[in-house]
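Accompanying notes for the structure given below.
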Amino acid sequence: MSLYRDKKVLVVDDFPEFRMSIRQMLLSIKVTDIHMANTGEEALRMCQRAKFDIVLCDYNLGDGKDGQQLLEELREYSLLPHTSIFMMLTAENTAFMVMGALENNPDAYLTKPFTRQDLKARLDRLCSIKDELERVNYAMDAKDHEATLRSCDELITAKSKMSSHALKIKANTLIKMGRKQDAESIYRLVMKARPVVWAEMGLAKVLHEKEEFEQSIDLLESIVKKNDNYLDAFDLMAENYVAMGDTRKAQQILTKAISKSAKSPQRQHKLGQVARDNNDIDTATRALRRTVELSQNGLYQNPTNVLDYVEALKDKASIDESLAAKRAGADALNALEKYKKDIRKDPNTNVYSKILESKILKVQKKELDAVRAARDAKKMQEELATDVGADVVAELAETMLECGEFEDAAMLLNQLTSMNLDDAKNAEKVQKSIDAMMSNTELKEFHNSLNVNNQRGVELYDEGILDKAIDEFRLALEGAEDSITINLNLAQALIKNIQLTNDLNADVLDEAKACFDRVGNIERDNPRYSRYCDLNKLYQGYL
């Protein structure tokens, strides 16, 4: 009886001729249950409806999902049992493309063209391995950790040819169960016998989680010294350096990894993040653009990838007024437009996209458009059925402040200060934003202008009742001595009183001088600068 007679096989390739060629090969080794898919999307749907024992998938599948993305999603959604075989087939044979195809560890990789004998030999070997690990794989599919450990121990005790693999699975299972110390013991025991990469990598992860970063790095360096194509080691090494605060070294490590395999959106995203931390804006924009491109149609497609890319472009647009900076601003707005359908799927990213649009328009000196975008963001936030995150509220408040929308900024700041930041995303950054806004001169002035005594003083001044207006401004200054607005209001009322009475009272002049002294030197870009100069000129004329 044929080993393959009862196997259900799925062939995924965008070329009909190749699908039929594989079909003939499978028929020749007695496979009878053969199914075909010409896209990754179709293959995913078929795997949702039925379990396949073997999946033979081309790496390049046209415009939609590629083979790597299909494998990622099958594993993420538990549509590919551990008992099944996933073999990647591709015509690509350059080291760069092979590394990309192997990123997600398919069971095997077969380069086109290949013969029936090549395919059968590879399947025979894989089926033999799966048969040996059958009980272990069934236990893992059932997510029964205890049964997985027992089945691994049986293979180890019997000195199975798969006992090393069983040890690896046992250690991984212990990690999932939170038994990291037991897993560490296995890694060290295996390494004591001989240096096995999976054990070294496992121990490096445990050391990283124990915050023993330098020891983890030492171990990872020994791995890449023996095999500099072991990309997981580069990724973890970069994580260690980030945790140690050495983002420049992390960037070097990630750049080296990407030079070997640029197909991972997660790695590109991490490079983009550390490059931004290092103020390497060109590298950040390239990496984050690749993140968006590589994640399309895949498991890691996420609107936040687009917004991270747009943020990097905004940084680049803000550097100067060069042609490159202007192009970055245009690219940022184009990206928001291009991916708006994805962005609108998430309320937070939808609001934040409008905030970014406002910030970019402000950089482009399109002030009115920037204000409109900020108001749109505020309206969207108000209309949401659920609250957006504190980090988005903070960004919106800052944007309103930058646009001179002080009333909205003050309201959002009040909202922020009443929120619980303990579980907030980027809680430390949000708190810094709150502190900065609380000390913002313009926002303080806005709050001061709302002072009841100040408002009453303005009304009395307009009515010509100067004595009472002056009294109200004096009361308003209590607790707000450094307020430019209130000091100038009091100075203006005192000077007006001198003009009307022609009484150069020394006490009044001294009080007016005290107002100007408290205000100090005002910068030219301060909106109150002209008023300060006019009032000070009038005051100087009475000396």
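The values are calculated or read from the model by the stated rules, or taken from the named source; none is laboratory data. Fair warning: this is a prediction, and the values are worked out from it, not measured in the lab. Heads up, the Cβs are rebuilt from the backbone with ideal geometry, glycines too, and the neighbour counts pull from every protein chain shown.
Annotations
- Any chance Leu384 is touching a residue at least 12 places away in the same chain (Cβ under 8 Å) and over 30 Å from Leu477 (Cβ atoms): yes
- Subset tally (residues that are touching a residue at least 24 places away in the same chain (Cβ under 8 Å) and in contact with a Phe, Trp or Tyr (Cβ under 6 Å, 6 or more places away or on another chain)) for region 193-209: 2
The rows are residues; the columns are (1) among the hydrophobic types (A, V, I, L, M, F, W, C); (2) within 19 Å of Ser449 (Cα to Cα); (3) in a helix (DSSP H, G or I).
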{"position": "Thr485", "(1), (2), (3)": "no, yes, yes"}
{"position": "Leu490", "(1), (2), (3)": "yes, yes, yes"}
{"position": "Lys513", "(1), (2), (3)": "no, no, yes"}
{"position": "Arg531", "(1), (2), (3)": "no, yes, yes"}
{"position": "Asp534", "(1), (2), (3)": "no, no, yes"}
{"position": "Leu538", "(1), (2), (3)": "yes, no, yes"}
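Results for (1) more than 20 Å from Ala284 (Cα to Cα); (2) in contact with a helix residue (DSSP H, G or I) (Cβ under 6 Å, 6 or more places away or on another chain); (3) at pLDDT below 90, shown as yes or no for each residue.
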{"site": "Ala325", "(1), (2), (3)": "no, yes, no"}
{"site": "Ala332", "(1), (2), (3)": "no, yes, no"}
{"site": "Lys345", "(1), (2), (3)": "yes, no, yes"}
{"site": "Ser353", "(1), (2), (3)": "no, yes, no"}
{"site": "Glu357", "(1), (2), (3)": "no, yes, no"}
{"site": "Lys362", "(1), (2), (3)": "yes, yes, no"}
{"site": "Lys366", "(1), (2), (3)": "yes, no, no"}
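- Looking across region 271-304, the residues that are at negative phi, polar (S, T, N, Q) and at pLDDT 95 or above come down to Gln273, Asn278, Thr283, Thr285, Thr291.
- Qualifying residue in region 233-254 (condition: in contact (Cβ under 8 Å) with a residue 60 or more places away in the chain, closer than 29 Å to Leu71 by Cβ, of a type in the set (Gly, Ala, Ser) and in contact with a Leu (Cβ under 8 Å, 6 or more places away or on another chain)): no
- Just one of (1) at pLDDT 90 or above; (2) part of a loop (DSSP other than H, G, I, E, B); (3) not β-branched (Val, Ile, Thr) fails for Pro527. It is (1).
- Residue check for Ala480: under 20 Å from Val458 (Cα atoms), of a type in the set (Gly, Ala, Ser) and touching a residue at least 40 places away in the same chain (Cβ under 8 Å): no
Residue-wise test of (1) more than 20 Å from Glu511 (Cα to Cα); (2) crowded, with 17+ Cβ neighbours inside 10 Å.
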site	(1), (2)
Thr386	yes, no
Cys403	yes, yes
Thr417	yes, no
Lys429	yes, no
Thr441	yes, no
Gln455	yes, no
Ile484	no, yes
Asn487	no, yes
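- When residues in region 439-460 are screened for being of a type in the set (S, T, N, Q), in contact with a helix residue (DSSP H, G or I) (Cβ under 7 Å, 6 or more places away or on another chain) and assigned to a helix (DSSP H, G or I), 4 of them pass.
- Within this structure, Leu313 passes the test of being assigned to a helix (DSSP H, G or I) and either within 26 Å of Ser261 (Cα to Cα) or in the same structural domain as Gly67 (by TED's automatic domain parsing) (or both).
- Selection of region 221-239 for residues being β-branched (Val, Ile, Thr) and surrounded by 20 or more Cβ atoms within 10 Å (Cβ to Cβ) yields only Ile223.
- Restricting the search to helices (runs of 4 or more DSSP H) fully inside region 129-229 and requiring at least 3 residues that are among the hydroxyl-bearing types (Ser, Thr, Tyr) gives 145-157, 163-176.
- Residues of region 148-167 satisfying the condition of being surrounded by fewer than 20 Cβ atoms within 10 Å (Cβ to Cβ) and out of contact with any Leu (no Cβ under 8 Å at 6 or more places or on another chain): Arg150, Asp153, Glu154, Thr157, Ala158, Lys159, Ser160, Lys161, Ser164
- Any hit, region 415-438, residues being assigned to a loop (DSSP other than H, G, I, E, B), acidic (Asp, Glu) and in the same structural domain as Cys515 (by TED's automatic domain parsing): no
- Residue match in region 509-520 (condition: hydrophobic (A, V, I, L, M, F, W, C), without any contact (Cβ under 8 Å) to a residue 24 or more places away in the chain and over 18 Å from Glu445 (Cβ atoms)): yes
- Qualifying residue in region 326-345 (condition: within 26 Å of Thr441 (Cα to Cα), crowded, with 22+ Cβ neighbours inside 10 Å and over 19 Å from the mean Cα position of the chain (by Cα)): no
- Check on Asp507, more than 25 Å from Asn414 (Cα to Cα), not small (Gly, Ala, Ser) and not in a helix (DSSP H, G or I): no
- Identity of the residue in region 40-62, at pLDDT 95 or above and not in a helix (DSSP H, G or I), that ends up surrounded by the most Cβ atoms within 10 Å (Cβ to Cβ): Val55
- Members of region 126-144 found to be over 22 Å from Thr157 (Cα atoms) and free of Cβ contacts under 8 Å to residues at least 12 places away in the same chain, listed by number: Ala142, Lys143
- Qualifying positions in region 163-182 - aliphatic (A, V, I, L, M) and within 20 Å of Leu133 (Cα to Cα): Ala166, Leu167, Ile169, Ala171, Leu174, Ile175
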